[in-house]
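K.L.:
I'd like to ask you about the structure that follows.
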Amino acid sequence: MTKKILHAALMAAALAALPVGSPPAHAIEKPEKDTLVVATMWECLPFSMEARRSRFFNESEILDTLVKLDYGMNLVPGLATAWKRQSPTEWTFTLRQGVTFHDGQPLDAEAVKFSLERVTALLPYAGSLLDLAEISVTAPDTLNIRTKQPFAALPNQLTDAITGIYARSAFDAEGKFVKPVGTGPFRYASYTKQDRTVVERFDGYWGKAPSLKRVVYRYVPDHSARVLSLETGEVDLAVDIPPADVKRLSAAGSGFQVYREPSAGLYYMVLNTAAGRPFADVRARRAVNAMIDRKAIVEHALDGVGKPAWQFFAPGFDWVPSELPAYALDPAAATSDLTAAGFRKEGGAWMKDGKPLAVEILSYSSRTEMPLITEAVSGLLKAAGLQTSTKMFTWPGMLSLVQKGQYDAYVVFWTPEMTAHPDLHLLPHFHSASGLDYNGYRNAQLDDLLIRGRGLDAGPERQATYAKALTLVHEDAPIVPLVHKIYAAATNTAVKGFRIHPSGFFYDFKSVRKD
Amino acid sequence: MLRRLGQSLALLILLSMFSFALVHAMPGDFAELLLIERMGGDLPARDVLARFKAEEGFNDPIVHQYLRWLGSILRGEPGVSFQSGDSVWAEIGLRVENTLLLAAASIAVSLALAVPIGVFAAARRGSVWDRLSMLLAVLGMAIPNFWYSLIMVMVFSLFLGWLPVSGYGHWTHIVLPALVIGTSMAGITARFIRSCVLDVLSRDFVRTAHSKGLGEIRVLLGHALPNALVPIVTLLGLQIGKMFDGVVVVETIFAWPGIGRLLVESIFSRDFPVLQLCVLVIGAVYIAVNLTVDLLVMAIDPRIRGAL
C-alpha cells in the first residue's frame, strides 16, 4: 500500500515539472490596433551610425534624406523641394519650408550643412560617395554643394541612407553621435537591447501624418521563429522570410499576405584577372559566364526566390540603358572559348599543359544566401569540367585575402541599383583607380566612359555612354553576374497599404494601416 | 582550500592571456579591422593605417598591449562593441544575467524530473521508472534541439497559444527555452543519478539502515541520495558550464540574449572587443563553477576536505 502511495507521489512530482497548468490567457502579447510590430533579421540599433547600421534610420523614416526615390525609382523631393545644377561641379538645393526636427528646432540650410558635414567627418565613405568639396549656405533655405569633379549623380547619391539629415541634438558637444533625431514621420522612442526598438508617430511631421501611432521593430534572429511569430499573431509583419515559408504562406486561405518584389541587389562572382591566375585570359572568363546556369541556381539553391542575372543591372529600371548584351547558358561557346585559350578536355576535365583548370571560390557565410549560391556555382562549374573548391569566411576575413589578390574567384553581394544611378557601383568597382573588386581589372576606355558618365545629365548622351561602358564590362567579363535579389516579406491580413520598396532599404510605414 | 583559490586565480590570469592572444592570432590585421570599423566600413589607405597603428600603440611589444588591455578591463572600460556601439560591459552584463536566469530555470526543470525518476529507477531496476529514465536519456541525446524547439513553439505558441514564440523580459519568455533545455538534460541526469544511487544502495550502511527497520523512502532520501550527491553535484557544475556556451541554437530560436549566442555572433562579425571579453568571461565562469563545485563537495563530504 505504502509502495503504491509512494509511486503515485513520485509520479505526481515528475508530472508537476511538466507544464500542465494553463498560463494566463494573455501570455502572448498581441499588438494594439495602432501599433505595427515588425520582426526583423538584424537588430535595429539606435546608437550606431556606422554605415550598415544607420540604414535603419532611413528604413524606419526617423530621418529624411534631401532627395528620395519613389516606387518607380524616380527622384522625388525629400527635404529638398528642388535642385538645380548650376555648373558641372555645383548644385543648388532649395529646402522645404516649415520642417521641424523631432527636438523642435527648425530645419534650415545651416542645419543641413551641419548634418552633412558631421556625417562626412564621422564616416569618410560618405564624403567620397558625394564627391564633396564644399557646402555653403546662400540663403536660409538654399544650400550650395560643390563637388570635386563634374558630378551629375549627386541628387541620386543624396538618396543613400547614410546622407539622412540629423538634428544638432543627435550629437554631443564633442560631435559624437548620440541618438537619431531627425525630421521623419516617426521619432525614436525606446530601445531594449536584443529585443526591440520602438519608434512613435511624430505629430509635427511635414508630410501627411501616418495612421500608425507606433512601430515596434522586434529582433527575431531565427528565420523560422520570425515566421512563427507572425503566425501566432505576436508580430504583424515579418521580413526576410525563408523561401520554403514564402511558398507555404502564399497558399490561398493561409490568412497571410506574402510580398515578393525585385529590389536592388546582385549576387555575383568576381574573377581575378591577374597574370598567372586561371582567369587572366578573357576567354576563360567568358567561358565561365557561358557555363553557369543561373536559372538552376535560383530554382534549386534559392527555392525560386531570386531572378537569374545575366547582366550587372537588373532589367526594369528605366535609367539602365536598354538593349545591352547579356550572357546566356551556352556550353558550345564555353567549349570554343576554352579551346581557343589553349585548354583541352581530357576525360571530362579541362586541362592545359598537363594541369587541370582549378578554381578556388571564396565567399562569406554571414549573409544567409552566400553559402547556397557559392556551392551551387562550384557544383555547376565542376559538372562543366573545372576542378573547383569553395572556402567560406567572414566578410572581413574574405576581404583580407581578396585585397591581397590571393584568390581565383569570390562571390559577393552588392546593391548596384540602390540610388537609381549607374555611377554608384560602376565607378568604384570597375574603374582602374578605385577597383573595389580587387581583381586587377583595367580598361582605359572604360575609365574614360565612367568619368564622363558621372558628369552627364540624364539624356541620350548619358544613355549612350553607359551603354558603351556596360558593353565593355560585358565583353571583358571581369565578373559573373549570378542572381538579382527578390525581397520577401509577409504580413497578417489586417495590415493594409504595405509595399516593398525597390531600393531595398525603405519600409514606408507612413502609408500602412491596420484594420 | 587556499591553494585551491590560488590555482583558480593563476588559471584566470592564464585565461586572460589566452583570450588576448586568440584574437591577435586570428587571420586579418586587428588594427586594420578596427580602423575599418571606425571609418564606417571604408578601407583605409596605407599611410592612414600606419599612422593609426603608431598612434594607438599597435606597434608596441605584444606584452605592453596585453597589459594595457588587462588594465582597461580592470578599470571597467574595455571599449565599445563594433556592432552596437554600446559598451562591452553593457553587452556582456545583459547576456550573463540572462544566461544565469535560463541556467537556473533549465536546471530546476531538469532536476525536478531527474531526481524522482533517477532515484526510483535505481530502487526499482527494470521497472517502468527505469525504462522511462532510459527513454528520456535517449530522446534527450537523439533529438536535435533546433527541431525540438520548433516543435515546442508549434505546440505551446501556435496551437495552444499559451506562450510567446521568442523574446525576453517577461516570465513567460523563459518557459519554453527552459523546458527544451531542461527536458533534454533530464534523461542524462536521471541515468546518472540512477547509477550513483545504485552504487550506494549496495553498501553496508544502506543494509544497516534497512535492518534498523527504516522505511524505504527514508533509506532512499535520507541515506542513499546524500551519499550519492558528490558526483551529482559535479555533473551539475558541468551542466551549468554548458549553459554558457552550449545552447546557442536554443538561444537563437527563442531570441534569448544568452552569452553563447553573443560569443558566436562576435566571432562572425569580428567584434573583437566583445569576443575577447566573452572568452574571458566564459572561461571565468567555468573556473568559478569548478571552484564552487569543489567547495560544495567539501561541504557535503567531510572526507574530501583533507584531499584538496
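The values are calculated or read from the model by the stated rules, or taken from the named source; none is laboratory data. Just so you know, these numbers come straight off a predicted model, no measurement behind them. For neighbour counting, all protein chains shown are included, and Cβ atoms are generated from backbone atoms with ideal geometry for every residue, glycine included. Accessible surface areas use protein heavy atoms only, side chains included; no ligands, DNA or RNA. Shrake-Rupley method; radii C 1.70, N 1.55, O 1.52, S 1.80 Å.
K.L.:
Can you work out the Karplus-derived ³J(HN,Hα) for every residue in the stretch B:277-287? Use 6.51 cos²θ - 1.76 cosθ + 1.60 with θ = phi - 60°, whole Hz, and x for glycine or proline.
P.N.:
6, 4, 4, 5, 5, 4, x, 4, 5, 4, 5
K.L.:
On to the next question. Determine the sum of side-chain charges near residue A:82: Lys and Arg each +1, Asp and Glu each -1, restricted to other residues whose C-beta is under 11 angstrom from that of residue A:82. Kindly include the intermediate steps, with their values, before the conclusion.
P.N.:
On the way: positive: A:84, A:96; negative: A:141.
My count for the surroundings of residue A:82 gives +1.
K.L.:
Can you list residues from other chains, or at least 5 along the same chain, whose modelled amide H is less than 5 Å from the amide H of residue A:171?
P.N.:
A:178
K.L.:
From the Cα trace of the protein assembly as shown, what convex hull volume per residue do you get, rounded to a whole Å³? Present the calculation step by step, with values, prior to reporting the outcome.
P.N.:
Working: hull volume 169.1 nm³, N = 823.
Cα convex hull per residue, to the nearest whole number: 205 Å³.
K.L.:
Taking every residue in A:220-233, how many Cβ atoms of other protein chains lie within 10 Å of its Cβ, on average? Walk me through the intermediate numbers first.
P.N.:
On the way: counts 7, 8, 13, 2, 7, 11, 3, 1, 8, 8, 1, 5, 11, 4.
Other-chain Cβ atoms within 10 Å of each residue's Cβ, averaged: 6.
K.L.:
Report the charge-dipole magnitude of the stretch A:462-512 in Debye, nearest 20, computed about the Cα centre from +1 at each Lys and Arg Cβ and -1 at each Asp and Glu Cβ.
P.N.:
Details: 6 positive and 3 negative charges, 63 e Å.
Roughly 300 debye for the stretch A:462-512.
K.L.:
To the nearest 500 deg cm²/dmol, what mean residue ellipticity at 222 nm is calculated for chain A from DSSP H runs of n ≥ 4 alone, each contributing -39,500 (n - 2.57), summed and divided by the residues? Mind dumping the intermediate values first?
P.N.:
Details: 14 runs with 144 residues, N = 515.
Value at 222 nm, helices only: -8500 deg cm²/dmol.
K.L.:
How big is the B/A interface in buried accessible area, both sides summed, 1.4 Å probe, to the nearest 100 Å²? Show your work: numbers first, answer last.
P.N.:
Details: alone 16150 and 22570 Å², together 34400 Å².
Summing both chains' loss of accessible area gives about 4300 Å².
K.L.:
Also: Mind ordering A:230-239, A:63-72, A:189-198 by average Cβ neighbours within 10 Å, highest first?
P.N.:
Working: A:230-239: 23.9, A:63-72: 20.5, A:189-198: 18.7.
The peptides rank, most packed first, as A:230-239, A:63-72, A:189-198.
K.L.:
Place the peptides A:117-127, A:202-212 in order of packing, highest mean first, counting for every residue the other Cβ atoms within 10 Å and averaging per peptide.
P.N.:
On the way: A:117-127: 18.6, A:202-212: 16.2.
Descending mean neighbour count gives A:117-127, A:202-212.
K.L.:
Show the residues, 5+ positions off or on another chain, whose built amide H is closer than 5 Å to the amide H of residue A:81.
P.N.:
The list, which skips near neighbours in sequence, is A:94, A:95, A:96.
K.L.:
Excluding residues on the same chain fewer than 8 positions from residue A:345, give the lysines whose Cα lies under 20 Å from its Cα.
P.N.:
Straight-line reach from residue A:345, under 20 Å: A:355, A:382.
K.L.:
With only Lys, Arg, Asp and Glu charged, each at its Cβ (+1 for the first two, -1 for the last two), find how big the charge dipole of the stretch B:31-184 is about the Cα centre; round to the nearest 20 debye.
P.N.:
On the way: 10 positive and 12 negative charges, 155 e Å.
Here the stretch B:31-184 has a charge dipole of around 740 debye.
K.L.:
Residue A:176: which lysines have alpha carbons under 24 Å from its alpha carbon, excluding same-chain residues fewer than 8 sequence positions away?
P.N.:
Output for residue A:176: A:113, A:193, B:53.
K.L.:
Right, here's the next one. Averaged per residue, what accessible area in Å² does the stretch A:378-494 show with a 1.4 Å probe, protein chains only? It would help to have the intermediate numbers written out before the result.
P.N.:
Details: 3970 Å² over 117 residues.
Normalised by residue count, the accessible surface of the stretch A:378-494 is 34 Å².
K.L.:
With unit charges on the beta carbon (Lys/Arg positive, Asp/Glu negative), name the residue among A:372, A:456, A:399 whose Cα is farthest towards the positive pole of the charge dipole of chain A.
P.N.:
Working it through, the farthest residue towards the positive pole turns out to be A:372.
K.L.:
List the aspartates and glutamates whose alpha-carbon lies under 13 Å from that of residue A:514, not counting same-chain residues fewer than 8 positions away?
P.N.:
The qualifying aspartates and glutamates are A:32, A:34, A:236.
K.L.:
Just counting partner chain Cβ atoms within 10 Å, what average do the residues of peptide B:254-261 show around their Cβ?
P.N.:
Working: counts 4, 12, 1, 6, 1, 0, 0, 2.
Per residue, the number of nearby Cβ atoms from other chains is 3 on average.
K.L.:
Here is a further query. Using +1 at the Cβ of each Lys and Arg and -1 at the Cβ of each Asp and Glu in chain B, identify which of B:217, B:70, B:98 lies farthest towards the dipole's positive end.
P.N.:
B:217
K.L.:
Using a Debye calculation, one point per C-alpha and no hydration shell, please list log10 I(q)/I(0) for the stretch A:390-456 at q = 0.19, 0.20, 0.23, 0.28 Å⁻¹ in order.
P.N.:
Relative scattering, expressed as log10 I(q)/I(0), comes to -0.81, -0.87, -1.03, -1.23.
K.L.:
Using a 10 Å cut-off around each Cβ of peptide B:153-163, what is the average number of partner chain Cβ atoms that fall inside? The partial results should precede the final answer.
P.N.:
On the way: counts 7, 4, 0, 5, 9, 5, 1, 5, 6, 8, 5.
For peptide B:153-163, the averaged partner shielding equals 5.
K.L.:
Here is a further query. How much of the accessible area of chain A, in percent, comes from carbon and sulfur atoms when a 1.4 Å probe is used? Spell out each step's value before the answer.
P.N.:
Working: 11040 of 20400 Å².
The value for chain A is 54 percent carbon and sulfur by accessible area.
K.L.:
Hey, which of these cross-link pairs are over 24 Å Cα-Cα: A:247/A:485; A:247/A:496; A:84/A:148; A:307/A:352; A:148/A:179?
P.N.:
Numbers: A:247/A:485 17 Å; A:247/A:496 21 Å; A:84/A:148 17 Å; A:307/A:352 35 Å; A:148/A:179 31 Å.
Result: A:307/A:352; A:148/A:179 exceed 24 Å.
K.L.:
Tabulate in residue order the Karplus-calculated ³J(HN,Hα) for the stretch B:136-141, using 6.51 cos²θ - 1.76 cosθ + 1.60 with θ = phi - 60°, rounded to whole Hz; enter x for Gly and Pro.
P.N.:
4, 5, 5, 4, x, 7
K.L.:
Additional query: Within 11 Å, Cβ to Cβ, of residue A:177, how many net charges do the neighbouring residues add up to if Lys/Arg are +1 and Asp/Glu are -1? Spell out each step's value before the answer.
P.N.:
On the way: positive: A:53, A:118, A:176, A:179; negative: A:50, A:172, A:174.
Combined, the nearby Lys, Arg, Asp and Glu give +1.
K.L.:
Less than 11 Å Cβ to Cβ from residue A:424, Lys/Arg counted +1 and Asp/Glu -1: what total charge do the surrounding residues give?
P.N.:
Charge balance in the 11 Å sphere: -2.
K.L.:
Under a point-charge model restricted to the Cβ atoms of Lys and Arg (+1) and Asp and Glu (-1), what is the dipole moment magnitude of the stretch A:148-303 relative to its Cα centre, in debye to the nearest 20?
P.N.:
Details: 22 positive and 17 negative charges, 89 e Å.
Using Cβ point charges on Lys, Arg, Asp and Glu, the stretch A:148-303 gives about 420 debye.
K.L.:
Show me A:457-467, B:229-239 ranked by packing, highest mean number of other Cβ atoms within 10 Å first. Could the numbers behind the result be given before it?
P.N.:
Working: A:457-467: 15.4, B:229-239: 17.5.
Packing order, densest peptide first, comes out as B:229-239, A:457-467.
K.L.:
Mean residue ellipticity at 222 nm from the helices of chain B, using -39,500 (n - 2.57) per DSSP H segment of n ≥ 4 over the full residue count, to the nearest 500 deg cm²/dmol?
P.N.:
Working: 14 runs with 225 residues, N = 308.
Mean residue ellipticity, 222 nm, calculated: -24000 deg cm²/dmol.
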